[in-house]
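Here is the structure we will look at.
The values are calculated or read from the model by the stated rules, or taken from the named source; none is laboratory data. No experiment lies behind these values; they were computed from the predicted model shown. Because the Cβ atoms are built from the backbone with ideal geometry, glycine has one as well, and the counts that use them run over all protein chains shown. Note: accessible area is taken over every heavy atom of the protein model, side chains too, but ligands, DNA and RNA are not part of it. Shrake-Rupley method; radii C 1.70, N 1.55, O 1.52, S 1.80 Å.
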Amino acid sequence: YYNADPVKYAEDITKSIERAKKANKKDPYNLIFQGDVKADEKAAGEAAALYENAILFDPNNTPAYVKYANVYFSVSPEFAIKKLEELLELQPNSALAQRELAEKYYQNDQWAKAAVAYGKYIKNPNHFTEDKVRYTVLLYYGQLYDESLTLASDLLKNDPKNFQLQRIVFLNKAALKDFDGAEKQAVLFFNLNDEKNKYTSNDYSSFGDVLRELNKDSLALVQYEKAVEVNPEKIDLIKQLSSAYNSMKKYEKAAE
(Lines give C-alpha, C1' and ligand atoms only; values in the text may rest on other atoms or scores of the structure.)
Protein backbone atom coordinates (compact mmCIF):
# COMPACT_ATOMS: atom_id res chain seq x y z
CA TYR A 1 0.00 0.00 0.00
CA TYR A 2 2.73 2.45 0.98
CA ASN A 3 4.80 1.83 -2.15
CA ALA A 4 1.75 2.02 -4.38
CA ASP A 5 0.36 5.34 -3.10
CA PRO A 6 0.81 6.45 0.54
CA VAL A 7 -1.80 9.20 0.18
CA LYS A 8 -4.49 7.19 -1.56
CA TYR A 9 -4.05 4.22 0.77
CA ALA A 10 -3.33 6.15 4.00
CA GLU A 11 -6.29 4.56 5.80
CA ASP A 12 -5.31 1.05 4.70
CA ILE A 13 -1.73 1.64 5.85
CA THR A 14 -2.86 2.83 9.29
CA LYS A 15 -5.16 -0.18 9.69
CA SER A 16 -2.38 -2.55 8.65
CA ILE A 17 -0.01 -1.05 11.22
CA GLU A 18 -2.65 -1.44 13.95
CA ARG A 19 -3.32 -5.07 12.95
CA ALA A 20 0.41 -5.75 13.08
CA LYS A 21 0.59 -4.27 16.59
CA LYS A 22 -2.27 -6.52 17.77
CA ALA A 23 -0.64 -9.57 16.20
CA ASN A 24 2.74 -8.88 17.85
CA LYS A 25 3.37 -5.81 19.99
CA LYS A 26 7.13 -6.45 19.88
CA ASP A 27 7.51 -6.97 16.13
CA PRO A 28 10.59 -4.86 15.22
CA TYR A 29 9.72 -4.75 11.54
CA ASN A 30 6.47 -2.92 12.18
CA LEU A 31 8.48 -0.25 13.99
CA ILE A 32 11.11 -0.24 11.24
CA PHE A 33 8.41 0.37 8.64
CA GLN A 34 7.02 3.28 10.64
CA GLY A 35 10.57 4.60 10.97
CA ASP A 36 10.99 4.40 7.19
CA VAL A 37 7.85 6.47 6.75
CA LYS A 38 9.15 9.14 9.12
CA ALA A 39 12.53 9.05 7.38
CA ASP A 40 10.78 9.73 4.06
CA GLU A 41 9.08 12.69 5.73
CA LYS A 42 12.54 13.99 6.79
CA ALA A 43 11.56 13.60 10.45
CA ALA A 44 14.95 12.23 11.50
CA GLY A 45 14.35 12.36 15.26
CA GLU A 46 11.04 10.48 15.11
CA ALA A 47 12.45 7.93 12.67
CA ALA A 48 15.48 7.32 14.90
CA ALA A 49 13.24 6.84 17.95
CA LEU A 50 11.24 4.17 16.11
CA TYR A 51 14.40 2.38 14.99
CA GLU A 52 15.68 2.60 18.57
CA ASN A 53 12.50 0.91 19.81
CA ALA A 54 12.92 -1.81 17.20
CA ILE A 55 16.42 -2.44 18.59
CA LEU A 56 15.01 -2.69 22.12
CA PHE A 57 12.67 -5.47 20.97
CA ASP A 58 15.36 -7.16 18.86
CA PRO A 59 18.93 -6.22 19.90
CA ASN A 60 20.39 -8.18 16.96
CA ASN A 61 18.29 -6.55 14.26
CA THR A 62 20.93 -5.32 11.81
CA PRO A 63 18.61 -3.23 9.57
CA ALA A 64 17.37 -1.25 12.57
CA TYR A 65 20.92 -0.24 13.56
CA VAL A 66 21.87 0.67 9.99
CA LYS A 67 18.71 2.66 9.36
CA TYR A 68 19.15 4.48 12.67
CA ALA A 69 22.69 5.45 11.71
CA ASN A 70 21.70 6.57 8.22
CA VAL A 71 18.78 8.72 9.30
CA TYR A 72 20.45 10.21 12.39
CA PHE A 73 23.88 10.90 10.87
CA SER A 74 22.83 14.38 9.69
CA VAL A 75 21.63 15.21 13.22
CA SER A 76 24.49 13.71 15.22
CA PRO A 77 27.30 11.85 13.44
CA GLU A 78 28.73 10.79 16.80
CA PHE A 79 25.51 9.03 17.87
CA ALA A 80 25.12 7.41 14.45
CA ILE A 81 28.67 6.06 14.55
CA LYS A 82 28.25 4.87 18.15
CA LYS A 83 25.15 2.89 17.15
CA LEU A 84 27.08 1.08 14.40
CA GLU A 85 29.96 0.41 16.77
CA GLU A 86 27.43 -1.24 19.11
CA LEU A 87 26.17 -3.36 16.21
CA LEU A 88 29.70 -4.44 15.30
CA GLU A 89 30.33 -5.53 18.89
CA LEU A 90 27.26 -7.75 18.67
CA GLN A 91 28.02 -8.98 15.14
CA PRO A 92 31.78 -8.68 14.54
CA ASN A 93 31.61 -10.75 11.33
CA SER A 94 28.73 -8.83 9.73
CA ALA A 95 29.87 -7.43 6.36
CA LEU A 96 26.99 -4.94 6.41
CA ALA A 97 27.95 -3.67 9.86
CA GLN A 98 31.61 -3.37 8.84
CA ARG A 99 30.77 -1.55 5.62
CA GLU A 100 28.28 0.90 7.13
CA LEU A 101 30.64 1.81 9.97
CA ALA A 102 33.48 2.38 7.50
CA GLU A 103 31.16 4.57 5.41
CA LYS A 104 30.17 6.69 8.40
CA TYR A 105 33.81 7.18 9.40
CA TYR A 106 34.46 8.25 5.81
CA GLN A 107 31.50 10.65 5.72
CA ASN A 108 32.66 12.14 9.04
CA ASP A 109 36.18 12.76 7.65
CA GLN A 110 37.74 10.20 10.01
CA TRP A 111 40.04 8.95 7.25
CA ALA A 112 42.36 6.77 9.33
CA LYS A 113 39.49 4.98 11.11
CA ALA A 114 37.65 4.60 7.82
CA ALA A 115 40.70 2.99 6.21
CA VAL A 116 41.08 0.50 9.07
CA ALA A 117 37.36 -0.32 9.09
CA TYR A 118 37.28 -0.73 5.32
CA GLY A 119 40.34 -2.97 5.53
CA LYS A 120 38.47 -5.35 7.82
CA TYR A 121 35.40 -5.19 5.59
CA ILE A 122 37.35 -5.91 2.40
CA LYS A 123 38.74 -9.08 4.01
CA ASN A 124 35.19 -10.27 4.69
CA PRO A 125 34.20 -12.82 2.01
CA ASN A 126 30.78 -11.13 1.77
CA HIS A 127 32.15 -7.73 0.72
CA PHE A 128 31.11 -5.99 -2.50
CA THR A 129 33.91 -6.03 -5.05
CA GLU A 130 33.23 -2.44 -6.14
CA ASP A 131 34.01 -1.23 -2.62
CA LYS A 132 37.68 -2.01 -3.18
CA VAL A 133 37.88 1.18 -5.23
CA ARG A 134 36.63 3.20 -2.25
CA TYR A 135 39.18 1.42 -0.09
CA THR A 136 42.04 2.67 -2.28
CA VAL A 137 40.77 6.21 -1.74
CA LEU A 138 40.59 5.75 2.02
CA LEU A 139 44.11 4.31 2.13
CA TYR A 140 45.32 7.37 0.23
CA TYR A 141 43.63 9.82 2.60
CA GLY A 142 44.96 7.74 5.51
CA GLN A 143 48.43 8.46 4.04
CA LEU A 144 49.01 4.76 3.38
CA TYR A 145 50.24 5.58 -0.10
CA ASP A 146 52.14 2.37 -0.87
CA GLU A 147 49.18 0.17 0.07
CA SER A 148 46.75 2.36 -1.85
CA LEU A 149 48.98 2.39 -4.94
CA THR A 150 49.48 -1.38 -4.90
CA LEU A 151 45.77 -2.14 -4.62
CA ALA A 152 44.71 0.51 -7.16
CA SER A 153 47.31 -0.64 -9.69
CA ASP A 154 46.16 -4.22 -9.29
CA LEU A 155 42.50 -3.26 -9.80
CA LEU A 156 43.40 -1.19 -12.87
CA LYS A 157 44.63 -4.30 -14.65
CA ASN A 158 41.02 -5.48 -14.99
CA ASP A 159 39.50 -2.01 -15.35
CA PRO A 160 42.07 0.22 -17.12
CA LYS A 161 39.64 3.07 -17.80
CA ASN A 162 38.29 3.37 -14.26
CA PHE A 163 38.28 7.12 -13.56
CA GLN A 164 38.71 6.90 -9.80
CA LEU A 165 41.46 4.30 -9.97
CA GLN A 166 43.40 6.33 -12.55
CA ARG A 167 43.08 9.37 -10.27
CA ILE A 168 44.21 7.58 -7.14
CA VAL A 169 47.25 6.00 -8.82
CA PHE A 170 48.28 9.46 -10.02
CA LEU A 171 47.79 11.04 -6.58
CA ASN A 172 49.66 8.23 -4.83
CA LYS A 173 52.65 8.52 -7.14
CA ALA A 174 52.70 12.27 -6.56
CA ALA A 175 52.52 11.75 -2.78
CA LEU A 176 55.38 9.23 -2.98
CA LYS A 177 57.43 11.82 -4.94
CA ASP A 178 57.60 9.61 -8.01
CA PHE A 179 57.14 12.70 -10.14
CA ASP A 180 58.06 11.11 -13.47
CA GLY A 181 55.60 8.28 -12.83
CA ALA A 182 52.98 10.75 -11.63
CA GLU A 183 53.33 12.83 -14.81
CA LYS A 184 52.87 9.77 -17.03
CA GLN A 185 49.87 8.65 -15.00
CA ALA A 186 48.36 12.14 -15.09
CA VAL A 187 48.51 12.15 -18.89
CA LEU A 188 46.56 8.88 -18.94
CA PHE A 189 44.11 10.20 -16.35
CA PHE A 190 43.40 13.49 -18.12
CA ASN A 191 42.97 11.72 -21.45
CA LEU A 192 40.12 9.54 -20.20
CA ASN A 193 37.40 11.99 -21.31
CA ASP A 194 34.91 10.30 -18.99
CA GLU A 195 31.62 12.17 -19.37
CA LYS A 196 30.22 10.73 -16.12
CA ASN A 197 33.02 12.14 -13.97
CA LYS A 198 34.51 15.60 -13.66
CA TYR A 199 38.05 16.67 -12.91
CA THR A 200 38.40 18.59 -9.66
CA SER A 201 40.52 21.59 -8.79
CA ASN A 202 42.68 19.23 -6.73
CA ASP A 203 43.31 17.08 -9.81
CA TYR A 204 44.62 20.08 -11.73
CA SER A 205 46.59 21.63 -8.87
CA SER A 206 48.20 18.28 -8.00
CA PHE A 207 49.30 17.92 -11.61
CA GLY A 208 50.61 21.48 -11.46
CA ASP A 209 52.66 20.61 -8.36
CA VAL A 210 54.14 17.58 -10.12
CA LEU A 211 55.09 19.63 -13.18
CA ARG A 212 56.76 22.28 -11.04
CA GLU A 213 58.81 19.58 -9.32
CA LEU A 214 59.93 18.55 -12.82
CA ASN A 215 60.85 22.18 -13.61
CA LYS A 216 58.06 22.47 -16.17
CA ASP A 217 56.71 25.74 -14.83
CA SER A 218 55.00 26.86 -18.03
CA LEU A 219 53.00 23.62 -18.16
CA ALA A 220 52.29 23.81 -14.43
CA LEU A 221 50.89 27.29 -14.93
CA VAL A 222 48.23 25.93 -17.28
CA GLN A 223 47.11 23.39 -14.66
CA TYR A 224 46.90 25.99 -11.89
CA GLU A 225 44.80 28.21 -14.17
CA LYS A 226 42.42 25.28 -14.74
CA ALA A 227 42.27 24.62 -10.99
CA VAL A 228 41.30 28.23 -10.25
CA GLU A 229 38.75 28.14 -13.06
CA VAL A 230 37.08 25.13 -11.43
CA ASN A 231 37.23 26.55 -7.90
CA PRO A 232 37.82 30.33 -7.99
CA GLU A 233 36.94 30.76 -4.30
CA LYS A 234 39.75 28.56 -2.97
CA ILE A 235 42.47 30.88 -1.67
CA ASP A 236 45.27 28.28 -1.69
CA LEU A 237 44.80 27.75 -5.43
CA ILE A 238 45.14 31.47 -6.08
CA LYS A 239 48.37 31.47 -4.03
CA GLN A 240 49.72 28.60 -6.13
CA LEU A 241 48.78 30.39 -9.34
CA SER A 242 50.43 33.61 -8.18
CA SER A 243 53.60 31.71 -7.25
CA ALA A 244 53.65 30.00 -10.64
CA TYR A 245 53.29 33.36 -12.43
CA ASN A 246 56.14 34.71 -10.31
CA SER A 247 58.38 31.78 -11.25
CA MET A 248 57.69 32.54 -14.90
CA LYS A 249 58.58 36.21 -14.25
CA LYS A 250 55.04 37.25 -15.12
CA TYR A 251 55.04 39.73 -12.28
CA GLU A 252 51.98 41.72 -13.30
CA LYS A 253 49.87 38.56 -13.42
CA ALA A 254 51.36 37.40 -10.09
CA ALA A 255 50.49 40.74 -8.48
CA GLU A 256 47.01 40.62 -9.92
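Checking the condition without any contact (Cβ under 8 Å) to a residue 24 or more places away in the chain, open to solvent by less than 30 Å² (accessible area, probe 1.4 Å) and among the hydrophobic types (A, V, I, L, M, F, W, C), which residue from V187, V169, V222, V210 passes?
Within the list V187, V169, V222, V210, the selection yields V169.
Is there a residue being open to solvent by 20 Å² or more (accessible area, probe 1.4 Å) and either modelled with pLDDT of 95 or more or part of a helix (DSSP H, G or I) (or both) anywhere in region 190-198?
Among the residues of region 190-198, at least one is open to solvent by 20 Å² or more (accessible area, probe 1.4 Å) and either modelled with pLDDT of 95 or more or part of a helix (DSSP H, G or I) (or both), which makes the answer yes.
Among the residues of region 225-238, count how many are outside any helix (DSSP H, G or I) and either surrounded by 15 or more Cβ atoms within 10 Å (Cβ to Cβ) or among the hydrophobic types (A, V, I, L, M, F, W, C) (or both).
2
State which residue is surrounded by the fewest Cβ atoms within 10 Å (Cβ to Cβ) when the search covers only region 239-256 and only residues that are at pLDDT below 90 and hydrophobic (A, V, I, L, M, F, W, C).
Residue satisfying both the conditions and the ranking: M248.
Among the residues of region 22-34, what is the count of those that are surrounded by 15 or more Cβ atoms within 10 Å (Cβ to Cβ) and assigned to a helix (DSSP H, G or I)?
7
Can you name the condition, by its number, that R19 falls short on among (1) open to solvent by 80 Å² or more (accessible area, probe 1.4 Å); (2) under 21 Å from E78 (Cβ atoms)?
Unmet for R19, out of (1) open to solvent by 80 Å² or more (accessible area, probe 1.4 Å); (2) under 21 Å from E78 (Cβ atoms): (2).
For residues that are among the charged types (D, E, K, R) and out of contact with any helix residue (DSSP H, G or I) (no Cβ under 6 Å at 6 or more places or on another chain), scanning just region 44-84, find the one that is farthest from A102 (Cα to Cα).
The extreme case among them is E52.
Looking only at region 199-216, decide whether some residue is modelled with pLDDT of 90 or more, under 24 Å from the mean Cα position of the chain (by Cα), aliphatic (A, V, I, L, M) and part of a helix (DSSP H, G or I).
Looking through region 199-216, none of the residues is modelled with pLDDT of 90 or more, under 24 Å from the mean Cα position of the chain (by Cα), aliphatic (A, V, I, L, M) and part of a helix (DSSP H, G or I).
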